[in-house]
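What follows is a single structure, written as structure tokens, with notes after it.
Quick note: the coordinates plus some simple rules give every number you see, no bench work behind them. Bear in mind that the values here come from a model prediction, so they are computed numbers and not experimental data. Virtual Cβ from ideal backbone geometry, glycine too; neighbours counted across all protein chains shown.
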Amino acid sequence: MKKIVMTGGGTAGHVTPNIALMPALQKKGYEISYIGSYEGIEKRLIEEQNIPYYGISSGKLRRYFDPKNFSDPFKVLKGYRQSVKLLRKLQPDVVFSKGGFVSVPVVLAAKRCHIPAIIHESDLTPGLANRIAIRYATKVCCNFPETLNYLPKDKSVLTGSPIRKELLSGTREKGLSLCKFSDPSRPAILIVGGSSGSRAINTAIRNLLPELVKKYNIIHLCGKGNLDDSLSQTAGYVQFEYANQELADLFALADLVISRAGANAICELLALHKPNILIPLSAQASRGDQILNANSFRSQGFSYVLEEEDLTNTTLLEAIWHVTKKRDSYIKAMAQSHTQNSIDTIIRLITDVS
């Protein structure tokens, strides 16, 4: 039996694609182990999969002043030593990294131990952790055609992002059962603002709600702590803090999705062929990766993009009207994407080097 060590953490986006790959790896006969931080979100998510989990010391590499800049390099160095020891103990045939700072010492240790490492970059431009790891990697997977311009030509492969199979198995009937809309014949709009929600999107949707519920059923994933009890009796509107297993059925019910532009989220929309409006996180609140992600999807004909700074009742209504009118063209463009079989493509890369 071949062995693989997977790594990645810090956010769910650095873990869920790994989880999506696990069933296919197990079907291929791989024994899976996972290296992550001591108490990061990845620990709980991986242990729920009954995969052996090994915690290491992890520090963040920053490009700005912070007192932790003096201590974190020692944490990274400790994590590297721990990773070398673990890889020598586990003796994997290959390492697969989804990124995040905890993955850097693991990829460097793989190079030290002469183990091939494949890394995956979700965003259009590589983040700092993956920029460090790229030179030590055997292959680099990516989601966007434009990303190939930032990667070594002999290592880069356009794969798309692994999507959990269960997201493709939702049903409209179960979605209606969850939402209990009085008029199920109306088109449904699903709003996804991320696990913690988006204040800008939540405010815009609720301001526009009296107009929206005249024509649409609204499913609002507003984030933890963001429920508005004063709207709980509004006909045609249902709100949830978040959705786990239910998400597949809510996607199946949705005719249109309004979302942030995180890489994993928009790759799920692509895989599901859901017409969508992307409202990327502003450059003032991020390194601008969501804006680049959204613009790539717009240029490929997959998405309508509305900048957060331009978000008003009028512009949001116009966006909904436009996507509703052009929904067939969006679906056709997504169906013709070259990144529809990401799991199969990545598994082939893993088997080729291991």
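Overview of results
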quantity: Relative exposure of K27, K43, K165, judged by other C-beta atoms within 10 Å (fewest first); calculated: K27, K165, K43
quantity: Exposed chymotrypsin sites (Phe, Trp or Tyr not before Pro) absent: longest stretch of the chain, with sites in DSSP loops and at most 15 other Cβ within 10 Å deemed exposed; calculated: 66-354
quantity: Per-residue [θ]222 nm for the chain (sum of -39500 (n - 2.57) over DSSP H runs n ≥ 4, rounded to 500); calculated: -12000 deg cm²/dmol
quantity: For region 123-181, convex hull volume per residue from C-alpha positions, Å³; calculated: 131 Å³
quantity: Global form of region 227-354, assessed from the alpha-carbon gyration tensor, a/c cut-off 1.5; calculated: prolate
quantity: Two-site label geometry, K215 and T314: point separation in nm, points 7 Å out along Cα→Cβ; calculated: 1.7 nm
quantity: Sparse-neighbourhood loop sites, GluC sites (Glu not before Pro) in region 251-354 - DSSP loop, at most 11 other Cβ within 10 angstrom; calculated: none
quantity: Proxy reagent accessibility, fewest Cβ within 10 Å first, across C141, C267, C113; calculated: C113, C267, C141
quantity: Sites K111 and K165, calculated FRET efficiency, Cβ-Cβ separation with R0 41 Å, nearest 0.05; calculated: 0.80
quantity: Fewest-first ranking of T345, T324, T7, using other Cβ atoms within 10 Å as the exposure measure; calculated: T324, T345, T7
quantity: F240/Y38 FRET efficiency (R0 35 Å; Cβ-Cβ; nearest 0.05); calculated: 0.65
quantity: In sequence order, calculated HN-Hα J values of region 138-146 (Karplus, 6.51, -1.76, 1.60; Hz; x Gly/Pro); calculated: 7, 9, 10, 8, 8, 9, 10, x, 5
quantity: Mean separation of Cα contacts under 8 Å, 6 or more apart, over the residue count of the chain: relative contact order %; calculated: 14 percent
